[in-house]
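*Asks:* Let me give you the structure first, and then I'll get to my questions.
The values are calculated or read from the model by the stated rules, or taken from the named source; none is laboratory data. Keep in mind it's a predicted model, so treat the numbers as computed, not measured. In case anyone asks, the SASA skips ligands and DNA or RNA and just uses the protein heavy atoms, side chains included. Shrake-Rupley method; radii C 1.70, N 1.55, O 1.52, S 1.80 Å.
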Amino acid sequence: MEKSLIENAYDEEILGKVFNESNNSILKNTTFKKCVFNKVDFSNIEMIKTDFIDCTFNNCDLSNKSFEEGYFSKTKFLNCKMTGVSFIDGYLENIDFKECLLNYTNFSSSKLKNILFDGSDLSESTFINAKLNQTALSSSKLNASEFTNTPLKNIDLSSCNIDKVTFDLISIKGVTIDSMQAYNLMYMLGVNIK
(Lines give C-alpha, C1' and ligand atoms only; values in the text may rest on other atoms or scores of the structure.)
Protein backbone atom coordinates (compact mmCIF):
# COMPACT_ATOMS: atom_id res chain seq x y z
CA MET A 1 0.00 0.00 0.00
CA GLU A 2 1.16 3.48 -0.86
CA LYS A 3 1.80 5.86 2.08
CA SER A 4 0.12 9.22 1.63
CA LEU A 5 -0.72 12.55 3.20
CA ILE A 6 -4.43 13.36 3.40
CA GLU A 7 -5.01 16.26 1.02
CA ASN A 8 -8.02 18.05 -0.48
CA ALA A 9 -10.30 15.74 -2.44
CA TYR A 10 -13.55 16.49 -4.27
CA ASP A 11 -15.74 13.87 -5.96
CA GLU A 12 -12.95 11.27 -5.80
CA GLU A 13 -12.47 7.63 -4.99
CA ILE A 14 -9.26 6.87 -3.10
CA LEU A 15 -8.16 3.24 -3.17
CA GLY A 16 -5.61 1.25 -1.18
CA LYS A 17 -3.53 3.92 0.54
CA VAL A 18 -1.96 4.12 4.00
CA PHE A 19 -2.26 7.50 5.73
CA ASN A 20 0.05 8.41 8.60
CA GLU A 21 -0.45 12.17 8.75
CA SER A 22 -2.73 14.92 7.60
CA ASN A 23 -2.80 18.63 6.95
CA ASN A 24 -5.61 21.16 6.62
CA SER A 25 -7.84 19.42 4.09
CA ILE A 26 -11.37 19.38 2.76
CA LEU A 27 -12.87 16.08 1.66
CA LYS A 28 -16.17 16.40 -0.20
CA ASN A 29 -18.11 13.56 -1.87
CA THR A 30 -15.04 11.37 -1.40
CA THR A 31 -14.99 7.59 -0.99
CA PHE A 32 -12.07 5.81 0.67
CA LYS A 33 -11.75 2.10 -0.16
CA LYS A 34 -9.30 -0.36 1.42
CA CYS A 35 -7.36 2.45 3.12
CA VAL A 36 -5.53 2.41 6.45
CA PHE A 37 -5.29 5.43 8.75
CA ASN A 38 -2.52 5.18 11.39
CA LYS A 39 -2.43 7.74 14.23
CA VAL A 40 -4.07 10.39 12.04
CA ASP A 41 -5.43 13.49 13.77
CA PHE A 42 -8.53 14.52 11.82
CA SER A 43 -8.99 17.82 13.69
CA ASN A 44 -7.95 19.90 10.66
CA ILE A 45 -9.86 17.85 8.11
CA GLU A 46 -13.35 18.86 7.04
CA MET A 47 -15.41 15.96 5.72
CA ILE A 48 -18.61 16.46 3.73
CA LYS A 49 -20.46 13.33 2.57
CA THR A 50 -17.36 11.17 2.89
CA ASP A 51 -17.69 7.38 2.76
CA PHE A 52 -15.36 4.65 4.03
CA ILE A 53 -15.44 1.09 2.68
CA ASP A 54 -13.17 -1.70 3.96
CA CYS A 55 -10.94 0.76 5.86
CA THR A 56 -9.06 0.56 9.16
CA PHE A 57 -8.49 3.41 11.63
CA ASN A 58 -5.69 2.69 14.16
CA ASN A 59 -5.22 5.07 17.11
CA CYS A 60 -6.80 7.99 15.24
CA ASP A 61 -8.42 11.12 16.68
CA LEU A 62 -11.75 11.76 14.97
CA SER A 63 -13.23 13.84 17.80
CA ASN A 64 -16.09 16.18 16.89
CA LYS A 65 -16.15 15.06 13.25
CA SER A 66 -19.43 15.04 11.39
CA PHE A 67 -20.22 11.96 9.33
CA GLU A 68 -23.84 12.99 8.86
CA GLU A 69 -25.40 11.06 5.99
CA GLY A 70 -22.11 9.16 5.67
CA TYR A 71 -21.70 5.54 4.67
CA PHE A 72 -19.34 3.12 6.43
CA SER A 73 -18.95 -0.53 5.44
CA LYS A 74 -16.51 -3.26 6.54
CA THR A 75 -14.53 -0.71 8.55
CA LYS A 76 -12.61 -1.11 11.84
CA PHE A 77 -11.95 1.57 14.43
CA LEU A 78 -9.20 0.36 16.79
CA ASN A 79 -8.36 2.39 19.90
CA CYS A 80 -9.66 5.61 18.35
CA LYS A 81 -10.73 8.81 20.08
CA MET A 82 -14.16 9.71 18.70
CA THR A 83 -15.62 12.04 21.33
CA GLY A 84 -18.59 14.01 20.01
CA VAL A 85 -18.70 12.38 16.57
CA SER A 86 -21.98 12.77 14.67
CA PHE A 87 -23.32 9.83 12.69
CA ILE A 88 -26.78 11.44 12.32
CA ASP A 89 -28.66 9.88 9.38
CA GLY A 90 -25.64 7.70 8.65
CA TYR A 91 -25.54 4.12 7.45
CA LEU A 92 -23.03 1.83 9.15
CA GLU A 93 -22.68 -1.85 8.31
CA ASN A 94 -20.13 -4.48 9.32
CA ILE A 95 -18.23 -2.10 11.62
CA ASP A 96 -16.02 -2.92 14.63
CA PHE A 97 -15.39 -0.32 17.32
CA LYS A 98 -12.72 -1.84 19.59
CA GLU A 99 -11.43 0.01 22.66
CA CYS A 100 -12.71 3.34 21.29
CA LEU A 101 -13.65 6.49 23.18
CA LEU A 102 -17.09 7.32 21.72
CA ASN A 103 -18.55 9.47 24.49
CA TYR A 104 -21.04 12.14 23.40
CA THR A 105 -21.42 10.43 19.99
CA ASN A 106 -24.71 10.98 18.20
CA PHE A 107 -26.22 8.02 16.33
CA SER A 108 -29.67 9.60 15.93
CA SER A 109 -31.67 8.44 12.91
CA SER A 110 -28.78 6.20 11.86
CA LYS A 111 -29.01 2.68 10.54
CA LEU A 112 -26.53 0.30 12.17
CA LYS A 113 -26.23 -3.25 10.86
CA ASN A 114 -23.82 -5.91 12.13
CA ILE A 115 -21.95 -3.56 14.47
CA LEU A 116 -19.61 -4.56 17.32
CA PHE A 117 -18.82 -2.20 20.19
CA ASP A 118 -16.14 -4.02 22.17
CA GLY A 119 -14.58 -2.43 25.25
CA SER A 120 -15.64 1.01 24.09
CA ASP A 121 -16.89 4.02 26.05
CA LEU A 122 -20.20 5.34 24.68
CA SER A 123 -21.03 7.38 27.79
CA GLU A 124 -23.55 10.16 27.21
CA SER A 125 -24.11 9.09 23.61
CA THR A 126 -27.45 9.51 21.86
CA PHE A 127 -29.48 6.90 20.01
CA ILE A 128 -32.77 8.56 19.02
CA ASN A 129 -34.79 6.92 16.21
CA ALA A 130 -31.81 4.71 15.41
CA LYS A 131 -32.20 1.29 13.82
CA LEU A 132 -29.88 -1.33 15.33
CA ASN A 133 -29.77 -4.66 13.51
CA GLN A 134 -27.38 -7.40 14.63
CA THR A 135 -25.57 -5.01 16.95
CA ALA A 136 -23.43 -6.35 19.80
CA LEU A 137 -22.13 -4.44 22.80
CA SER A 138 -19.46 -6.19 24.84
CA SER A 139 -17.84 -4.80 28.00
CA SER A 140 -18.68 -1.25 26.95
CA LYS A 141 -19.75 1.81 28.95
CA LEU A 142 -23.12 3.34 28.17
CA ASN A 143 -23.31 5.58 31.25
CA ALA A 144 -25.92 8.35 30.90
CA SER A 145 -26.58 7.48 27.25
CA GLU A 146 -30.04 7.93 25.76
CA PHE A 147 -32.07 5.37 23.82
CA THR A 148 -35.35 6.80 22.54
CA ASN A 149 -37.49 5.09 19.89
CA THR A 150 -34.54 2.75 19.25
CA PRO A 151 -35.60 -0.88 19.66
CA LEU A 152 -32.97 -2.92 21.50
CA LYS A 153 -34.76 -6.27 21.15
CA ASN A 154 -32.27 -9.18 21.21
CA ILE A 155 -29.36 -6.90 22.17
CA ASP A 156 -27.35 -8.11 25.17
CA LEU A 157 -26.19 -5.32 27.50
CA SER A 158 -25.37 -7.65 30.40
CA SER A 159 -21.60 -7.07 30.18
CA CYS A 160 -21.98 -3.29 29.82
CA ASN A 161 -22.14 -0.48 32.35
CA ILE A 162 -25.58 1.10 31.95
CA ASP A 163 -25.64 3.46 34.96
CA LYS A 164 -28.03 6.38 34.45
CA VAL A 165 -28.98 5.27 30.92
CA THR A 166 -32.29 6.66 29.70
CA PHE A 167 -34.57 4.17 27.93
CA ASP A 168 -38.10 4.62 26.70
CA LEU A 169 -40.46 1.62 26.65
CA ILE A 170 -40.02 1.09 22.90
CA SER A 171 -36.26 0.88 23.30
CA ILE A 172 -36.01 -1.36 26.35
CA LYS A 173 -38.49 -4.03 25.26
CA GLY A 174 -36.65 -7.30 24.64
CA VAL A 175 -33.18 -6.12 25.74
CA THR A 176 -31.03 -8.55 27.76
CA ILE A 177 -29.55 -7.32 31.05
CA ASP A 178 -28.22 -9.01 34.19
CA SER A 179 -30.02 -9.16 37.54
CA MET A 180 -28.12 -6.22 39.10
CA GLN A 181 -28.84 -4.08 36.05
CA ALA A 182 -32.52 -5.08 36.31
CA TYR A 183 -32.61 -3.95 39.92
CA ASN A 184 -31.02 -0.59 39.04
CA LEU A 185 -33.33 -0.18 36.07
CA MET A 186 -36.39 -0.81 38.23
CA TYR A 187 -35.14 1.86 40.62
CA MET A 188 -34.62 4.34 37.74
CA LEU A 189 -38.19 3.64 36.61
CA GLY A 190 -39.47 4.44 40.07
CA VAL A 191 -40.63 0.90 40.85
CA ASN A 192 -40.71 0.02 44.55
CA ILE A 193 -39.43 -3.46 45.36
CA LYS A 194 -40.28 -5.18 48.65
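*Asks:* For V191, V175, give the ranking by accessible area with the largest first, probe 1.4 Å.
*Replies:* Ranked list, largest accessible area first: V191, V175.
*Asks:* Can you give me the solvent accessible area of D11 with a 1.4 Å probe, rounded to the nearest 10 Å²?
*Replies:* Taking all protein chains as shown, D11 has close to 120 Å².
*Asks:* Let me know the Rg and Dmax you get for the chain when you use only its Cα atoms, in Å.
*Replies:* Both quantities, over Cα of the chain: 17.6, 65 Å.
*Asks:* Give me the accessible area per residue for the stretch 116-187, probe 1.4 Å, as a whole number in Å².
*Replies:* Here the per-residue accessible area is 51 Å².
*Asks:* Also, I was wondering about something else. When only alpha-carbon atoms are used, what values of Rg and Dmax, in angstrom, describe the stretch 1-89?
*Replies:* Every Cα atom of the stretch 1-89 included, Rg and Dmax give 11.5, 32 Å.
*Asks:* Taking 25 °C and 0.890 mPa s as the conditions, I'd like the Stokes-Einstein D for the stretch 70-155 in µm²/s, using the Kirkwood hydrodynamic radius from alpha carbon pairs.
*Replies:* 199 µm²/s
*Asks:* Could you order E124, E13 by accessible surface area, starting with the largest, using a probe radius of 1.4 Å?
*Replies:* Accessible-area ranking of E124, E13, largest first: E13, E124.
*Asks:* Moving on to the next point. Find the Cα radius of gyration of the stretch 2-53, compare it with 2.2 N^0.38 Å by division, and give the number to two decimals.
*Replies:* Against the empirical 2.2 N^0.38 Å value, I get 0.99 for the stretch 2-53.
*Asks:* Moving on. Give the carbon-plus-sulfur fraction of the accessible surface of the stretch 95-194 in %, rounded to a whole number; probe 1.4 Å, heavy atoms of protein chains only.
*Replies:* 51 percent
*Asks:* Using a 1.4 Å probe, how large is the accessible area of E12, given in Å² and rounded to the nearest 10?
*Replies:* 80 Å²
*Asks:* Further question: Note the per residue figure in Å³ for the convex hull of the C-alpha positions in the stretch 121-194.
*Replies:* Hull volume over Cα atoms, normalised by residue count, gives 77 Å³.
*Asks:* Calculate the translational D of the stretch 56-103 in whole µm² s⁻¹ from Stokes-Einstein, where the hydrodynamic radius comes from the Kirkwood formula applied to all Cα pairs, the temperature is 10 °C and the viscosity 1.306 mPa s.
*Replies:* It diffuses with D of about 149 µm²/s by this estimate.
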